[in-house]
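First up is the structure itself, then whatever we jot down about it.
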Amino acid sequence: MLETIRKIIFEVTGKTEVTFDTDFVRDLELNSFDVMNIVCAFEEYFDTTIPTRDVWQLHQVRDVIEYARQRGIEG
Amino acid sequence: MAEVTIYWYGPRRPDSNQCLVRCAAAFWGGSLADGGDCFEVEREARGKPFFPLLPQLHCSVTHSGDYWLGAFSREPVGIDLQIHKPGRLAALSRRFFHPEEDRYLEKAGYEDFYRVWAAKESVVKCTGEGIDGGFSHFSVAGPEGILPAVRGLQLQFVPFRGDYTLCVCAEKISSVTVLPGE
């Protein structure tokens, strides 16, 4: 899953320094548009929908991995 | 009437809180020589910064591409800057915008996508509700284009750099001044 998330983030933002602990805003300096763009790419890739209210609870890469795991999404 | 001053930093800049404090001091006319304690910054639950010791001072921040911008006023204010870059514009519009905005953008070929985004985000920053508080529940566009006001708030697009869109939102805007940060 980490590798898939890395690919999505790279494709959308060009950022490469992505680990479990990476914080989207603090470390990657992403803004709301970047985050929404990543959400769209993630939803397309996994053919799923992330409720908007959930998006802003996902601060770090590890949050996304845990979120996907809880919903049975496999990368 | 809101007199809005926007300070910008970029591409190299201090961290966001330092930018905020420096700009607040420049706007408010205070000094940082004594440590600038009166410009202590806190954040509301949804991330909007405020100055607890200066309740009359309102601000809003944005960053995109190479730039950080802070808008300061004595009235509530929201600001958003967006660099124009490739993205899933149609998908983002369908997914996060109001149906009326999506209809307008689809008809207009998504040319105004970043104006819609910046306008919406400046509104939710002005109100403090944040982007998760109903971003798709209101429209800043009608069938003919972007509206000059929404939910009792005025929208004003401000020229910045060629490949960026900048929008300011306040109840009534009397002036907008753009200055480099110190």
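The values are calculated or read from the model by the stated rules, or taken from the named source; none is laboratory data. Values in this document were obtained by computation on a predicted structure and should not be read as measured data. Using ideal geometry, Cβ is built from the backbone for each residue, glycine included, and neighbour counts are taken over all protein chains shown. Heavy atoms of the whole protein, side chains included, go into the accessibility calculation; ligands, DNA and RNA do not. Shrake-Rupley method; radii C 1.70, N 1.55, O 1.52, S 1.80 Å.
Seen against the Cα atoms of chain B and their longest principal axis, helix B:99-108 is set at about 70 degrees.
Estimated at the nearest 10 Å², the accessible area of B:GLU75 is 80 Å² with a 1.4 Å probe.
Taking 20 Å as the limit for the C-alpha separation, the pairs A:LYS7/B:LYS125; A:LYS15/B:LYS85; B:LYS85/B:LYS120; A:LYS7/B:LYS85; A:LYS7/B:LYS48; A:LYS15/B:LYS125 exceed it in the case of A:LYS7/B:LYS125; A:LYS7/B:LYS48; A:LYS15/B:LYS125. Computed per residue of the protein assembly as shown from DSSP H runs no shorter than four, each worth -39500 (n - 2.57), the mean residue ellipticity at 222 nm is -10000 deg cm²/dmol. One Cα centroid belongs to region B:115-174, the other to chain A; the line between them spans 26 Å. Dipole check for region B:2-180: with +1 at the C-beta of Lys and Arg, -1 at the C-beta of Asp and Glu, and the Cα centre as origin, the magnitude is about 320 Debye.
Can you give the Rg to Rh ratio for chain B, taking only C-alpha atoms and Rh from Kirkwood?
Working: Rg = 16.4 Å, Rh = 16.7 Å.
Looking at chain B, the ratio lands at 0.98.
Which distance in nm do the two modelled labels at A:LEU2 and A:GLU17 give, with both placed 7 Å along the Cα-to-Cβ direction? In this crude spin-label approximation the distance works out to 1.7 nm.
Please compute the average number of Cβ atoms from other chains found within 10 Å of each residue's Cβ in peptide B:85-92.
On the way: counts 6, 2, 7, 8, 2, 1, 7, 5.
What the average comes to for B:85-92 is 5.
Axis angle, to the nearest 10 degrees, between helix B:113-127 and the longest C-alpha principal axis of chain B: 50 degrees. Among B:PRO159, B:TRP117, B:CYS59, flag the residue with its Cα farthest along the positive direction of the charge dipole of the protein assembly as shown, charges on Cβ as +1 for Lys/Arg and -1 for Asp/Glu. Checking the options against the dipole of the protein assembly as shown, the answer is B:PRO159. Take A:9-17, A:35-43 and order them by the average number of nearby Cβ atoms within 10 Å per residue, most first; the result is A:35-43, A:9-17.
Remark on A:LEU30: its backbone amide H falls under 5 Å from those of A:VAL25, a criterion applied only to residues 5 or more positions apart or on other chains, H modelled at 1.01 Å from N. In order along region B:65-76, the phi-based Karplus estimate (6.51 cos²θ - 1.76 cosθ + 1.60, θ = phi - 60°) of 3J(HN,Hα) comes to x, 8, 10, 10, 10, x, 9, 10, 7, 8, 10, x Hz; Gly and Pro are listed as x.
Counting only heavy atoms of the protein chains, get the accessible area per residue of the protein assembly as shown (1.4 Å probe) and round it to a whole Å² value. Dividing the accessible area of the protein assembly as shown by its residue count gives 49 Å².
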